[in-house]
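What follows draws every value from the coordinates through simple rules; no lab data is involved. Please read all numbers here as calculations on a predicted model, not as lab measurements. Neighbour counts run over all protein chains shown; Cβ positions are idealised from the backbone, glycine included.
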Amino acid sequence: MKNIFLFFASLMLILSAACAPKQVSPTATNNITLTVMAAASLTESFSQLGLQFEDAHRGVTVQFNFTGSQQLALQLSQGAPADVFASANQVQMDAAVKTGRVDASAEHIFAQNKLVVVYPVANPGKLATLADLTNPGLKISLANREVPVGLYTIDFLDKAVKDPQYGAGYETGVLKNVVSFENSVKGVLTKVVLGEADAGVVYTTDITGDAVSQVSRIEIPDALNVIAVYPIAALKDSPNQEMAKAFVDMVLSAQGQSLLANYGFMGPTGN
């Protein structure tokens with residue numbers, strides 16, 4: 001009798017285990033790759049934000065596509081898959097809206113930036129002031145006009161020609177010295193760091209990491225400078241809507257804003 005009891009007890013345990021629901025780890029059920037298209041000037045700050053986002057969302061991997069905003073907008077217009085778009089100007093975000101990839105009501109301004117002139121620490125062009133950018137023989141690298149920082153640079157030059165300190169020929173004199181037009185702000189910085197250009201115009205936030213010891217700067221006065229505005233949005237056709245919105249929320253949060261400030265960005269209102 002005892003053996004029969006043990007037999008049925010064992011049989012019940014086997015049946016119970018077979019019928020019990022299988023346990024699946026959260027990571028296995030929530031494996032998501034979140035693709036974030038972001039302006040090149042956001043490389044360092046967003047890379048750090050991505051790590052923090054992954055720590056807060058188990059099973060999510062943030063994959064970045066950093067390049068000029070105009071290239072990202074073009075990729076979006078051609079159907080490139082993505083979840084979030086962060087642009088360095090409103091023009092390219094508007095282009096994404098026109099393609100139907102972004103809902104205008106879903107975009108948010110999350111940061112602002114300023115321009116600065118950089119030159120190699122060795123200063124081969126012997127630069128001291130903004131006026132020196134017109135010196136004959138100087139080699140300058142700028143971003144293409146289609147790139148946000150390139151357009152902002154032209155705006156700066158347009159303001160300078162109206163200032164008696166620089167004169168009507170200032171913009172022409174500077175542009176005569178341009179030896180390369182780059183497709184991203186990082187391209188301009190690289191030219192200067194490598195000594196292939198005597199000067200370039202980038203964002204203040206680009207002077208980070210190794211660049212801090214490799215370049216010097218000439219500040220552009222606020223009266224001539226241009227405030228770069230950065231919008232962000234989750235894409236309408238993102239297959240990961242919840243996580244895409246969560247990433248945008250993190251960028252806008254106190255945590256995200258603090259991190260961006262550490263990298264030199266101004267807040268959405270300029271603070």
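Every residue in the range 146-189 that is among the hydroxyl-bearing types (Ser, Thr, Tyr), within 29 Å of Thr43 (Cα to Cα) and either surrounded by 17 or more Cβ atoms within 10 Å (Cβ to Cβ) or without any contact (Cβ under 8 Å) to a residue 12 or more places away in the chain (or both), please.
If the condition is that a residue be among the hydroxyl-bearing types (Ser, Thr, Tyr), within 29 Å of Thr43 (Cα to Cα) and either surrounded by 17 or more Cβ atoms within 10 Å (Cβ to Cβ) or without any contact (Cβ under 8 Å) to a residue 12 or more places away in the chain (or both), then Tyr152, Thr153, Ser184 are the ones that fit.
Only one of (1) more than 14 Å from the chain's Cα centre (by Cα); (2) closer than 24 Å to Ala82 by Cα; (3) not in a loop (DSSP other than H, G, I, E, B) is not met by Lys186, so which one is it?
Of everything listed in (1) more than 14 Å from the chain's Cα centre (by Cα); (2) closer than 24 Å to Ala82 by Cα; (3) not in a loop (DSSP other than H, G, I, E, B), Lys186 misses just condition (1).
Mind checking which residues of the range 81-113 are without any contact (Cβ under 8 Å) to a residue 24 or more places away in the chain, of a type outside the set (Ser, Thr, Tyr) and loosely packed, with under 15 Cβ neighbours inside 10 Å?
Matches in the range 81-113: Lys98, Ala104.
Might you check whether a residue that is in contact with a helix residue (DSSP H, G or I) (Cβ under 8 Å, 6 or more places away or on another chain), on the phi < 0 side of the Ramachandran plot and polar (S, T, N, Q) occurs anywhere in the range 145-164?
No, every residue in the range 145-164 fails to be in contact with a helix residue (DSSP H, G or I) (Cβ under 8 Å, 6 or more places away or on another chain), on the phi < 0 side of the Ramachandran plot and polar (S, T, N, Q).
With the requirement that a residue be touching a strand residue (DSSP E or B) at 6+ places or on another chain (Cβ under 9 Å) and among the acidic types (Asp, Glu), what does the range 37-84 give you?
Selection gives Glu54, Asp83.
Output the number of the condition that Leu175 fails; it satisfies all remaining conditions of (1) among the aliphatic types (A, V, I, L, M); (2) under 21 Å from the mean Cα position of the chain (by Cα); (3) not in a loop (DSSP other than H, G, I, E, B).
(2)
Here is a check on your reading of the model: is Leu74 crowded, with 22+ Cβ neighbours inside 10 Å, among the hydrophobic types (A, V, I, L, M, F, W, C) and in a helix (DSSP H, G or I)? Break it down into steps so the answer makes sense when it comes.
Working: crowded, with 22+ Cβ neighbours inside 10 Å: no; among the hydrophobic types (A, V, I, L, M, F, W, C): yes; in a helix (DSSP H, G or I): yes.
No, not satisfied.
Answer yes or no: is there a residue in the range 137-145 that is of a type in the set (S, T, N, Q), in contact with a Leu (Cβ under 8 Å, 6 or more places away or on another chain) and surrounded by fewer than 22 Cβ atoms within 10 Å (Cβ to Cβ).
Checking the range 137-145: not a single residue is of a type in the set (S, T, N, Q), in contact with a Leu (Cβ under 8 Å, 6 or more places away or on another chain) and surrounded by fewer than 22 Cβ atoms within 10 Å (Cβ to Cβ).
If I filter the range 190-223 down to residues being among the charged types (D, E, K, R) and over 21 Å from Tyr263 (Cβ atoms), which single residue comes out as surrounded by the most Cβ atoms within 10 Å (Cβ to Cβ)?
Within the range 190-223, the match that is surrounded by the most Cβ atoms within 10 Å (Cβ to Cβ) is Asp198.
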